[in-house]
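S.K.: There's a structure below that I have some questions on.
The values are calculated or read from the model by the stated rules, or taken from the named source; none is laboratory data. Just so it is clear, the structure is predicted and the values come from calculations on it, not from any experiment. Don't worry about glycine lacking a Cβ; one is built from the backbone with ideal geometry, like all the others, and counts go over all protein chains shown.
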Amino acid sequence: MILLTATPINNDLFDLYNQLGLITQGDRSYFSACGIGDLHRYFLKARRDSRSNGGAFALFNLLEEVVIRRTRPFIRAAYPEATIRGQRIHFPHRRLKTVRYNLEATYAGIYDGVVSGVDNLKLAPYNLEAYKRAGVQIDEFEAGREQALVGIFKSRYLKRFESSIEAFRISIRRALEFLKTFESYILDGRLLKSGEFHKALRYLSREDEEDDATPTSMADEIDATEEARRILDGMEVVDPSAYDLRRLHEAVQHDVEVLSEIWRRVKDIRPEHDAKLARLKELLSTDLRGKKVLIFSYYKDTARYLYRHLGHPDNPVAVAFCEKLGGVTVRRMDSGADPRERSRIIQGFAPKANNKPDWIGTDKEIAVLISTDVLSEGQNLQDCGLLVNYDLHWNPTRMVQRAGRIDRIGTDFDTLWIYNMFPDEGLEQLLGLVESLSRKIANIDRAGFLDASVLGETVHPRNFNTLRRIRDEDGAVIEEEEQFTELASSEFLMQQLRALLDAGGREMLDSLPDGIHSGLAKVGATGVFFYFQARPADAGKVHFWKYFDLKDQRIIDNRYVIGNLIACDRDTPRVVDPEMFRLVFDLQEKVIEDILRSFQEQKALEVAPRSVDPLQQTVATALQGYLNHPDVERHQAIEAIRFLSQPMLAVQVREVRRAYTTFQQEGDVNSLLAAIGGLRDKYGEQRATTHSAGAGPVGELSRANLRLICFDLVTGG
């Protein structure tokens with residue numbers, strides 16, 4: 001079976017774990033011959049590591065066993081003449097262009113007040129542990145989650161502040177109504193808190209689900225109040241005596257005052273005073289006039305705001321603007337669109353790529369498409385060669401994902417332009433504040449208070465430096481970020497190795513003596529790489545790559561990380577530090593001990609019995625009570641009990657559960673025995689063989705089995 005996908009990891013690394021379950025059938029020791037004794041523990045560690053290093057890198061040793069990956073840079077380098085249906089594959093260049101606008105011009109005279117006001121919000125309803133009375137025990141786990149939630153809300157407000165005046169206005173209005181309603185509960189002597197951390201996150205995410213109306217009418221205010229009350233009524237009532245209600249009320253009142261002042265100053269800002277919207281209109285009217293343009297926004301509120309003022313047929317200003325552009329059609333797409341309507345919009349925007357050539361030049365063709373990230377991967381939009389990111393990409397990999405909508409096989413463009421809108425003034429203040437909040441949330445995440453990254457994306461410190469590089473139109477960012485969006489691969493290393501072997505390099509490699517060494521300088525790294533081979537008894541050859549990191553005093557076995565540490569060209573200077581060389585033999589002993597210890601742990605996991613579902617034990621116990629029953633064939637019952645004592649696949653357990661439920665309802669033990677017997681005949685007995693990827697059973701390993709092939713000294717520059 002071959003599984004083809006561009007995105008095997010969508011939301012979490014365990015997306016891939018579940019896909020691998022098709023291969024392993026629940027056997028967590030399946031890849032033990034590859035050095036992965038317990039697949040589930042391996043993924044848990046990779047998930048932790050991914051919060052600082054990237055999940056694709058953390059999984060590299062496993063991915064080498066099961067994944068073939070071909071990236072655009074690799075295909076360009078390795079297959080320059082590759083064709084599809086006789087047509088040479090054409091990969092256009094991606095170019096960045098920064099569009100600057102004055103964010104402070106929109107928020108004239110209030111910019112600093114808005115940013116500092118958001119930063120100083122207390123957000124007490126989401127941080128109740130901080131308001132417990134003196135002497136009342138604080139739940140440290142809950143307190144950590146609440147602190148993260150406060151950071152997420154503040155970060156969200158600032159991101160929507162940069163996105164559009166409309167998105168920010170909606171957030172402030174809804175936050176005010178929520179706080180005022182929460183305050184009324186306190187005054188009534190009731191205190192509510194979220195019974196589940198993620199309820200608050202779901203409330204936050206609903207900010208993207210506003211309707212088209214501009215939220216300034218009295219009806220909208222009433223709706224917001226009712227919504228806030230409905231949400232609060234669904235929260236858990238807690239004992240108010242455990243909290244300092246006076247201090248809590250003061251915190252809520254503080255936020256109401258801050259947000260009320262912000263609301264007063266932003267509620268009447270009109271579209272004609274929106275500097276960012278004006279800059280986009282100018283861009284569409286000049287540089288991009290007469291061209292097909294795809295505009296992306298992270299928030300639905302922003303996308304709908306843009307559509308109202310760029311292309312909505314009921315807005316005279318928007319109609320006049322479309323006429324100014326030559327009578328073009330502007331459409332939007334977000335999660336509120338009907339699936340059939342989405343299909344028509346895609347066909348209208350890219351009629352050539354979607355087999356609608358007769359739409360070209362008609363009123364069905366769309367010139368400007370405004371969309372959120374609901375525009376899914378796999379859509380063919382290569383009729384377009386221009387993309388505008390209206391929001392900052394706080395997660396820069398999103399820029400690559402968006403570019404992939406128009407950078408598709410079959411494009412006629414030699415260059416694809418990615419326009420990125422950046423505020424000219426105040427950017428560093430905004431970036432610095434969001435970066436600080438993100439670091440705090442990431443630290444709480446790493447402390448173990450959050451079971452997964454609550455932002456829906458991993459926070460990397462490099463993100464904020466990357467944003468600055470995008471602003472400076474550094475095109476190298478695109479390919480670098482592409483590495484983080486896809487699975488790490490050894491394709492370039494394998495290509496170089498094949499080229500070396502094809503050129504007669506095998507004889508040279510075979511003639512090299514064991515134990516040779518070299519060295520190189522690598523900025524920011526100090527350590528020694530060891531490569532051991534072994535041939536355990538009754539087994540094939542086993543390879544061990546180990547890097548002893550002298551800076552962190554730890555042993556690394558991730559081959560992707562190691563490969564990048566020791567990679568060099570033919571003309572890379574050989575650097576061998578005598579001081580480091582003296583450490584080699586001590587480090588070698590530590591590495592050998594690590595190899596032997598980890599090998600034995602993997603062996604133990606291999607032979608350890610896999611778990612038996614508790615339901616199987618329940619059914620087996622029930623059958624034991626019928627062993628001497630006159631209507632039951634004893635031999636049949638014993639065989640059923642024996643079958644139930646072995647590990648089963650999830651599908652088998654479900655069938656056992658159905659049979660046992662029927663037995664509980666009808667009391668017919670022979671029907672239960674027949675069902676268990678049918679399962680045994682259908683699936684057969686589970687044998688205690690070890691399933692391993694690409695290798696047979698691994699025998700015993702001893703120090704005498706290990707051969708040191710080479711070592712490499714990496715000296716920090």
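S.K.: Give the residue, chosen from 164, 184, 217, that is surrounded by fewer than 18 Cβ atoms within 10 Å (Cβ to Cβ), modelled with pLDDT of 80 or more and of a type in the set (Ser, Thr, Tyr).
M.R.: Working: 164 fails: surrounded by fewer than 18 Cβ atoms within 10 Å (Cβ to Cβ); 217 fails: modelled with pLDDT of 80 or more.
Going through 164, 184, 217 in turn, the sole match is 184.
S.K.: I want to confirm something. Restricting to segment 598-637 and keeping residues that are among the hydroxyl-bearing types (Ser, Thr, Tyr) and part of a loop (DSSP other than H, G, I, E, B), which single residue is modelled with the highest pLDDT? Walk me through how you get there before you give the answer.
M.R.: Within segment 598-637, the subset among the hydroxyl-bearing types (Ser, Thr, Tyr) is 598, 611, 618, 621, 626.
In the following step, the residues that additionally are part of a loop (DSSP other than H, G, I, E, B) were identified as 611, 626.
Details: 611: 64, 626: 85.
Selected residue: 626.
S.K.: Shifting gears a bit: Please find, among 717, 699, the residue that is among the small types (Gly, Ala, Ser), in contact with a strand residue (DSSP E or B) (Cβ under 7 Å, 6 or more places away or on another chain) and either on the phi < 0 side of the Ramachandran plot or at pLDDT 80 or above (or both). Walk me through it before giving the result.
M.R.: Values: 699 fails: in contact with a strand residue (DSSP E or B) (Cβ under 7 Å, 6 or more places away or on another chain).
Testing whether each residue is among the small types (Gly, Ala, Ser), in contact with a strand residue (DSSP E or B) (Cβ under 7 Å, 6 or more places away or on another chain) and either on the phi < 0 side of the Ramachandran plot or at pLDDT 80 or above (or both) leaves just 717.
S.K.: Quick one: is residue 505 of a type in the set (Gly, Ala, Ser) and assigned to a loop (DSSP other than H, G, I, E, B)? Spell out the reasoning first.
M.R.: Details: of a type in the set (Gly, Ala, Ser): yes; assigned to a loop (DSSP other than H, G, I, E, B): no.
It is false that residue 505 is of a type in the set (Gly, Ala, Ser) and assigned to a loop (DSSP other than H, G, I, E, B).
S.K.: Another one. Let me confirm something: among 355, 315, which residue is at positive phi, outside the structural domain of residue 164 (by TED's automatic domain parsing) and polar (S, T, N, Q)? Step through it out loud before you land on a result.
M.R.: On the way: 315 fails: at positive phi.
One residue alone meets the criteria, 355.
S.K.: Moving on. List pairs: first in segment 636-652 and over 16 Å from residue 675 (Cβ atoms), second of a type in the set (D, E, K, R) and surrounded by fewer than 15 Cβ atoms within 10 Å (Cβ to Cβ), Cβ under 9 Å, 6+ apart or cross-chain?
M.R.: Partner pairs satisfying both residue conditions: 646/610; 646/685; 647/610.
S.K.: Could you tell me how many of the residues in segment 376-389 are within 18 Å of residue 299 (Cα to Cα) and buried (at least 22 other Cβ atoms within 10 Å of the Cβ)?
M.R.: Total satisfying the criteria: 3.
S.K.: So residue 373 ticks every box in (1) at pLDDT below 90; (2) under 22 Å from residue 477 (Cα atoms); (3) among the acidic types (Asp, Glu); (4) more than 21 Å from the chain's Cα centre (by Cα) but one. Which box is left unticked?
M.R.: (4) is the only condition that residue 373 fails.
S.K.: Go through (1) loosely packed, with under 13 Cβ neighbours inside 10 Å; (2) among the aliphatic types (A, V, I, L, M); (3) at pLDDT 90 or above for residue 704 and report which single condition fails.
M.R.: Just one mismatch for residue 704, condition (3).
S.K.: What number of residues in segment 61-90 are assigned to a loop (DSSP other than H, G, I, E, B) and either within 26 Å of the chain's Cα centre (by Cα) or farther than 22 Å from residue 384 by Cα (or both)? Lay out the reasoning, then the answer.
M.R.: Here is the first cut: in segment 61-90, the residues assigned to a loop (DSSP other than H, G, I, E, B) are 67-71, 79-82, 85-86, 89-90.
Then drop every residue that is not either within 26 Å of the chain's Cα centre (by Cα) or farther than 22 Å from residue 384 by Cα (or both), which leaves 67-71, 79-82, 85-86.
Residues in segment 61-90 being assigned to a loop (DSSP other than H, G, I, E, B) and either within 26 Å of the chain's Cα centre (by Cα) or farther than 22 Å from residue 384 by Cα (or both): 11 in total.
S.K.: Being within 20 Å of residue 705 (Cβ to Cβ), of a type outside the set (A, V, I, L, M, F, W, C) and either in a helix (DSSP H, G or I) or in contact with a helix residue (DSSP H, G or I) (Cβ under 7 Å, 6 or more places away or on another chain) (or both) is true for just one of 536, 513. Which residue is that?
M.R.: Matching residue, one of 536, 513: 536.
S.K.: Considering only residues that are surrounded by 15 or more Cβ atoms within 10 Å (Cβ to Cβ) and either part of a helix (DSSP H, G or I) or not assigned by TED's automatic domain parsing to the domain that holds residue 496 (or both), which ones fall in segment 560-581?
M.R.: 560, 561, 562, 563, 565, 566, 580
S.K.: Could you list all residues from segment 552-591 that are under 36 Å from the mean Cα position of the chain (by Cα) and among the aliphatic types (A, V, I, L, M)?
M.R.: Scanning segment 552-591 gives 555, 556, 561, 562, 565, 566, 567, 591.
S.K.: If you don't mind, another one. For segment 1-54, which positions are small (Gly, Ala, Ser), modelled with pLDDT under 80 and either closer than 24 Å to residue 647 by Cα or part of a loop (DSSP other than H, G, I, E, B) (or both)?
M.R.: 6, 26, 29, 32, 33, 35, 37, 54
S.K.: What number goes with the only condition from (1) in the same structural domain as residue 392 (by TED's automatic domain parsing); (2) on the phi < 0 side of the Ramachandran plot that residue 247 does not pass?
M.R.: Evaluating residue 247 over (1) in the same structural domain as residue 392 (by TED's automatic domain parsing); (2) on the phi < 0 side of the Ramachandran plot leaves (1) as the failure.
S.K.: Of all residues in segment 354-370, how many are outside any helix (DSSP H, G or I) and either of a type in the set (D, E, K, R) or out of contact with any strand residue (DSSP E or B) (no Cβ under 8 Å at 6 or more places or on another chain) (or both)?
M.R.: Number satisfying all stated conditions: 9.
S.K.: Now for a different question. Of all residues in segment 672-685 being without any contact (Cβ under 8 Å) to a residue 40 or more places away in the chain and in contact with a helix residue (DSSP H, G or I) (Cβ under 7 Å, 6 or more places away or on another chain), which is surrounded by the fewest Cβ atoms within 10 Å (Cβ to Cβ)? Before the answer, list the steps.
M.R.: Going residue by residue through segment 672-685, those that are without any contact (Cβ under 8 Å) to a residue 40 or more places away in the chain are 674-675, 678-679, 681-684.
Subset that is in contact with a helix residue (DSSP H, G or I) (Cβ under 7 Å, 6 or more places away or on another chain): 675, 679, 683.
Numbers: 675: 18, 679: 18, 683: 14.
Of everything passing the filter in segment 672-685, 683 is surrounded by the fewest Cβ atoms within 10 Å (Cβ to Cβ).
S.K.: Quick check on segment 59-102: of everything there that is of a type in the set (Asp, Glu) and touching a Lys or Arg at 6+ places or on another chain (Cβ under 9 Å), which residue is nearest to residue 413 (Cα to Cα)? Don't jump to the end; show me each part of the working.
M.R.: Kept after step one, since they are of a type in the set (Asp, Glu), are these residues of segment 59-102: 64-65, 81.
Applying the additional criterion that residues be touching a Lys or Arg at 6+ places or on another chain (Cβ under 9 Å) yields 64, 81.
Values: 64: 34, 81: 18 Å.
Checking each candidate, the answer is 81.
S.K.: Something else about it: Of the residues 426, 404, which is small (Gly, Ala, Ser) and either free of Cβ contacts under 8 Å to residues at least 12 places away in the same chain or at positive phi (or both)? Write out each step before concluding.
M.R.: Working: 404 fails: either free of Cβ contacts under 8 Å to residues at least 12 places away in the same chain or at positive phi (or both).
The match here is 426.
S.K.: Sticking with this one: I'm trying to understand the selection: among the residues of segment 316-364, which are surrounded by fewer than 15 Cβ atoms within 10 Å (Cβ to Cβ) and of a type in the set (Phe, Trp, Tyr)?
M.R.: The answer is none; no residue qualifies.
S.K.: Out of 640, 650, which single residue is within 30 Å of residue 37 (Cα to Cα) and small (Gly, Ala, Ser)?
M.R.: Numbers: 640 fails: within 30 Å of residue 37 (Cα to Cα).
Among 640, 650, only 650 is within 30 Å of residue 37 (Cα to Cα) and small (Gly, Ala, Ser).
S.K.: Name the single residue that is modelled with the highest pLDDT among those in segment 396-439 being under 26 Å from residue 115 (Cβ atoms) and in a loop (DSSP other than H, G, I, E, B).
M.R.: 424
S.K.: So, one more: So residue 392 passes all but one of these: (1) of a type in the set (A, V, I, L, M); (2) surrounded by fewer than 22 Cβ atoms within 10 Å (Cβ to Cβ); (3) in a loop (DSSP other than H, G, I, E, B). Which condition number does it fail?
M.R.: So the condition that residue 392 fails would be (2).
S.K.: Could you pull out the residue among 663, 711, 643 that is in a strand (DSSP E or B) and either within 30 Å of residue 567 (Cβ to Cβ) or at pLDDT 80 or above (or both)?
M.R.: Details: 663 fails: in a strand (DSSP E or B); 643 fails: in a strand (DSSP E or B).
Being in a strand (DSSP E or B) and either within 30 Å of residue 567 (Cβ to Cβ) or at pLDDT 80 or above (or both) holds for just one of 663, 711, 643, which is 711.
S.K.: When you go through 162, 140, 146 one by one, which is the residue that is of a type outside the set (S, T, N, Q), closer than 26 Å to residue 305 by Cβ and not assigned by TED's automatic domain parsing to the domain that holds residue 276? Explain how you work it out, then say what you get.
M.R.: Numbers: 140 fails: closer than 26 Å to residue 305 by Cβ; 146 fails: closer than 26 Å to residue 305 by Cβ.
Exactly one residue qualifies, and that residue is 162.
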